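Everything below concerns the one structure shown next.
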Amino acid sequence: MAKKPPVYKNYIAGEWVACESGKTFANVNPADTNDIIGYFQDSGPSDVNAAVSAAKKAYEKWRLVPAPKRAEMVMELGLWLKKNKEKLAHDATREMGKVLKETRGDVQEGIDMALFCFGEGRRMYGITTPAELPNKFAMTVREPLGVCSLITPWNFPMAIPTWKMMPALVCGNTVVIKPASLTPLTVTNLVKGAEEVGFPKGVVNMVTGGGRNVGTPMCEHPDVALVSFTGSTSVGRQINTSCAKDFKRVGLEMGGKNAVIVMDDADLDLALEGVLWGAFGTTGQRCTATSRCLVHRKVYAKFLQMLEKRAKALKVGNGLDESVEMGPAVDANQLKTDLEYIEIGKKEGATLVTGGKRLTGAKHKNGFFIEPTIFGDVNAKMRIFREEIFGPVLSVVPFRTFEEAIALQNNCLYGLSGSIYTNDVNKAFAAMRDIHTGLCYINAPTIGAENHLPFGGMKQTGNGHREGGKEALDLFSEWKAIYVDFSGRLQKAQIDTDSIVKVGD
Ligand code: NAD
């Protein structure tokens, strides 16, 4: 008899607990829908209340733990991830489908983020600066905010939660995290790690469940000081609006529609590898995925042929098979969206170069598999040029001049990642200046960010905050300016300054 899938619980105040309603939801493997990974708590507002109140209580002690000591715990969690990397990657592939090579990278991002934040625990530099009055001292320090709600998507089930959790904790905040309902196992694993390495009760809390029942109360709760969200622009807009009324701090990382420019002087073989990896890695389900490829007319026909040949040969299948190059769409909805956009592309008059269909053969029939798809002759008016698809659908657009390519690159609602392949150093520098995105790559695809640099986008991708790098600390801490007056008398800034120095005395 088949083993019954396990039931996983919420983690609140250091205990694994069922949600109040007793309801659960199933987590299903998108490569094989007969494989039920487990049942997770279908929580509601009262469970969020319990988690926030545990986090609020724990905050009073946690904020007083010296930052280097908080950072040591974060490092321990990073080392725990390292020790368990293979199992964690396996679980992540099973629940969201991308190939093992990529989920290993996903876990590695968590390790890197933990170790980076470990170092930041001994820095967190403020400034000391001269005061304008005598016998007075001036400095700045970072302060934690309090309880942070962390709301995460499914496409980087380990990396994104760690991008939020590690800096939040090092800064002295406590957290309530909600995984996406498609990938609750990976965050459950991460939180188990936090428990095993000994974070005090209530510092890390997790509530699983839907956006409306768990995400919304996590944003609206009056004891939540900050909401850090990664997901779609439409949900981000709702969260921003709801948090505005209480002036809650909000960090938003949202959609993308990223483009690679291929100049006529580019190394086409190099560009080919980059575009394939950018477009079809993670089945195109990356906020930084390459979904537009802008190609100089002089090399357009040749490059399109090169792309077609390689995309056709990509092996699509279960990501747990090491020989597979592209996994399934994450669920039936995403597959439907991909297929709908393919129909839209055809109707708009783009040329379907390769792909376009769901895969339904013996190896694929139980999963949400789709062919790597390329459209040629796309123009800037088409919806497949403008809208985020979040699937393995690449739009290829011809251009004549560098200026036209930059204009096409920037003709976008979003501003996450941009790239150019060129061997002309002048064009490379002009592109670095003119591409309007938070990440910019020269001779590399739109994906491949490193943890110690700020990550985030312009325009409708974000709201100006960054994750990663020391810039992440700016989201998860407040600046306090401190003045110490040791003159023993009242000194008035801006008023008593005239009499301090009389030049020539
Ligand atoms: P989503 O917006 O549907 O969901 C993200 C999270 O928000 C989930 O945990 C979901 O349950 C929760 N949620 C949904 N409705 C909510 C509400 N009303 N209030 C509060 N929380 C709510 O996104 P997704 O489908 O999980 O992820 C795909 C999207 O994420 C894409 O648009 C992609 O570009 C974006 N993304 C952006 C980045 C980035 O760093 N810019 C990274 C990864 C993914």
Counting only residues that are of a type in the set (Phe, Trp, Tyr) and either in a helix (DSSP H, G or I) or touching a Ser or Thr at 6+ places or on another chain (Cβ under 6 Å) (or both), which one in the stretch 383-410 is nearest to the ligand (Cβ to nearest atom)?
Phe385
Cβ contacts < 7 Å: first residue closer than 16 Å to Arg63 by Cβ, restricted to the stretch 473-487; second residue assigned to a strand (DSSP E or B) and open to solvent by 60 Å² or more (accessible area, probe 1.4 Å), any location; separation 6+ or different chain. Result?
Ser477/Glu143; Glu478/Glu143; Lys480/Glu143
Within the stretch 285-317, track down each residue that is among the charged types (D, E, K, R), assigned to a loop (DSSP other than H, G, I, E, B) and closer than 17 Å to Ala444 by Cα.
Arg286
Of the residues in the stretch 32-61, how many are open to solvent by 10 Å² or more (accessible area, probe 1.4 Å) and in contact (Cβ under 8 Å) with a residue 12 or more places away in the chain?
20
From the list Gly22, Gly38, Gly78, exactly one residue is at pLDDT 95 or above and assigned to a loop (DSSP other than H, G, I, E, B). Which is it?
Gly22
Quick one: is Phe375 out of contact with any Lys or Arg (no Cβ under 8 Å at 6 or more places or on another chain), within 16 Å of the ligand (Cβ to nearest atom) and aromatic (Phe, Trp, Tyr)?
no
Looking at the stretch 111-217, what strands (runs of 3 or more DSSP E) fall wholly within it and have at least 1 residues that are within 14 Å of the ligand (Cβ to nearest atom) and under 20 Å from the mean Cα position of the chain (by Cα)?
147-151, 174-178, 204-206
Considering the stretch 219-235 alone, what residues qualify as being near the ligand (Cβ under 7 Å from one of its atoms) and either at pLDDT below 95 or under 17 Å from Ile177 (Cβ atoms) (or both)?
Cys219, Phe229, Thr230, Gly231, Val235
From the list Val197, Val187, Val176, Val141, pick out the single residue that is assigned by TED's automatic domain parsing to the domain that holds Glu109, more than 22 Å from Ala55 (Cα to Cα) and at pLDDT 95 or above.
Val141
Taking only pairs six or more apart or across chains, which ones have beta-carbon atoms under 8 Å, a first residue in the stretch 365-384 that is free of Cβ contacts under 8 Å to residues at least 12 places away in the same chain, and a second residue that is of a type in the set (A, V, I, L, M)?
none
Checking Ala380 against (1) assigned to a loop (DSSP other than H, G, I, E, B); (2) within 14 Å of the ligand (Cβ to nearest atom); (3) out of contact with any Gly (no Cβ under 8 Å at 6 or more places or on another chain): exactly one of these is not met. Which one?
(2)
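The values are calculated or read from the model by the stated rules, or taken from the named source; none is laboratory data. Bear in mind the structure is a predicted one, so any value in this text is a computation, not a measurement. Positions of Cβ are backbone-derived with ideal geometry, glycine not excepted, and every protein chain shown enters the neighbour counts. Quick note on the areas: whole protein, heavy atoms, side chains included, nothing else; ligands and nucleic acids left out. Shrake-Rupley method; radii C 1.70, N 1.55, O 1.52, S 1.80 Å.
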